[in-house]
Amino acid sequence: MKPPIIYDWRTKKRLAYLQNAYNINYIQQTNSVWSGEFTLPYSDDKKQYCSMFNFLELWDIDAGGNDKYIGLFRIMPAIEQLNEDEHDIVYTFEHVLSTLLDSSMVGHHKFGEGTGDENDTGPVISNILSFQNDPKNWLLESCDYTNRFIYEFDDENLLNAVLSVPKSLTDDYYWEFSTQVYPWGLNLKKVSEVPVTDIRYKKNITGIQKTIDPRSICTRLYLYGKDRINIASLNNGKEYLDSEEGITNYGIVTNIINDSKFETKQSLYDYGVGLLNKLSKPIITYELDIQTINAAANLKIGDIVRVVTDDGLDQNLVVQEISKDDLTGAPNNGKVILGNGTVDIGIIIKSFI
């Protein structure tokens, strides 16, 4: 496995290979900033290159033991640890997607108005990226969507703005990054319907943990858009949608969506139908030990895995999270979390005390 590599954040010049780095860990999650940390002995001269904001290129191994590129990160806080036996430094790092936090749209900005192609999802993202401070690190390489919504921002940083754009989609989506070339490439991808591998889950199998979470269940969904528009005229006079199957199984559980990005009743209705279909059943996730199946070490965020269970489930689930705790000490150990999808439903999940 390649050791972590440090690059100067200004010049992008390679500075050092960190052969003595240990306790290297990372976590990748859909639609968020990936992160991790590593440790260097205080006596390592290469600590001089681990300055805040310098870039870290991180590598792992795949199922065949070959080098697997994880991504490019930037070094953030460093903590010096001193005890009787050792003196070392722990460095944390965040994916370079976090560089979008350094740029902001000052004042009020509105995107997506009009009927031309420039108001589609991709051009809106490119428009937001145009507000990057120089140098402009990120370019939109591809976008699988042409949906059209209205987006308004007030004094917003670019990371929050970009990540919010696809949140009104009912399709499962994920962000893909091209960081081995510069400027870096941002890609908004639609989750494929074709599984890359399958798992036959049985009660006696080891290395898989199944979780059923009912907190997001909603069987009656009220929908309101800009200026309080609603779907009543498209829905037999009702401002809400019902899931008949959900009500049969769980009773009437209501929730409300208020989202000013929807300016037409039809787009609001279509969004509600897709969202309620996801919310009317509990969220099922599988935590998979990477050593359980050989293919697990080759999985990427956004991949589809077919899960067949002994209780009748036969479903395609999405890779939502990949993590490793110790690349140097136990590179084959880690976990993958599979879930129902990647659509952000945080706005609907109820809080419990």
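Ile5 passes all but one of (1) more than 16 Å from Glu94 (Cβ to Cβ); (2) open to solvent by 60 Å² or more (accessible area, probe 1.4 Å); which number fails?
Failed condition: (2).
Across the range 291-301, which residue is nearest to Pro166 (Cα to Cα) among those that are open to solvent by 70 Å² or more (accessible area, probe 1.4 Å) and assigned to a loop (DSSP other than H, G, I, E, B)?
Lys300
Can you name the number of the only condition in (1) open to solvent by 50 Å² or more (accessible area, probe 1.4 Å); (2) over 20 Å from Asp326 (Cβ atoms) that Asn23 fails?
Failed condition: (2).
Taking the range 206-220 as the region of interest, how many residues are open to solvent by 60 Å² or more (accessible area, probe 1.4 Å) and out of contact with any strand residue (DSSP E or B) (no Cβ under 7 Å at 6 or more places or on another chain)?
3
I need a count of the residues in the range 55-88 that are over 22 Å from Asn332 (Cα atoms) and modelled with pLDDT of 95 or more.
3
Quick one: in the range 249-287, of everything that is aliphatic (A, V, I, L, M) and closer than 29 Å to Asp154 by Cα, which residue is surrounded by the fewest Cβ atoms within 10 Å (Cβ to Cβ)?
Taking the candidates together, the pick is Ile256.
I'd like the residue in the range 224-238 that is in a loop (DSSP other than H, G, I, E, B) and at negative phi and, out of all such residues, is surrounded by the fewest Cβ atoms within 10 Å (Cβ to Cβ).
My answer is Lys238.
Considering only the range 97-112, I want to know if a residue exists there that is under 27 Å from Leu338 (Cα atoms) and either under 21 Å from the mean Cα position of the chain (by Cα) or among the hydrophobic types (A, V, I, L, M, F, W, C) (or both).
Taking every residue of the range 97-112 in turn, at least one turns out to be under 27 Å from Leu338 (Cα atoms) and either under 21 Å from the mean Cα position of the chain (by Cα) or among the hydrophobic types (A, V, I, L, M, F, W, C) (or both).
So, in the range 249-271, of the ones that are hydrophobic (A, V, I, L, M, F, W, C) and assigned to a loop (DSSP other than H, G, I, E, B), which residue ends up farthest from the chain's Cα centre (by Cα)?
Filtering first and then ranking leaves Ile252.
Of the conditions (1) open to solvent by 20 Å² or more (accessible area, probe 1.4 Å); (2) outside any strand (DSSP E or B), Ser98 fails just one. Which one is it?
Going through the list (1) open to solvent by 20 Å² or more (accessible area, probe 1.4 Å); (2) outside any strand (DSSP E or B), Ser98 breaks only (1).
Residue-wise test of (1) assigned to a strand (DSSP E or B); (2) open to solvent by 70 Å² or more (accessible area, probe 1.4 Å).
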residue: Asp154; (1), (2): yes, yes
residue: Ser164; (1), (2): no, no
residue: Ser192; (1), (2): no, no
residue: Tyr222; (1), (2): yes, no
residue: Ile247; (1), (2): no, no
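Quick one: Leu288 ticks every box in (1) part of a strand (DSSP E or B); (2) modelled with pLDDT of 90 or more; (3) of a type outside the set (Phe, Trp, Tyr) except a single one, so which number is it?
For Leu288, the exception is condition (2).
The values are calculated or read from the model by the stated rules, or taken from the named source; none is laboratory data. Just so you know, these numbers come straight off a predicted model, no measurement behind them. As a convention, Cβ positions derive from the backbone with ideal geometry for all residues, glycine included, and neighbour counts pool all protein chains shown. Each accessible area value is taken on the protein alone, full model and side chains, heavy atoms only, with ligands, DNA and RNA left out. Shrake-Rupley method; radii C 1.70, N 1.55, O 1.52, S 1.80 Å.
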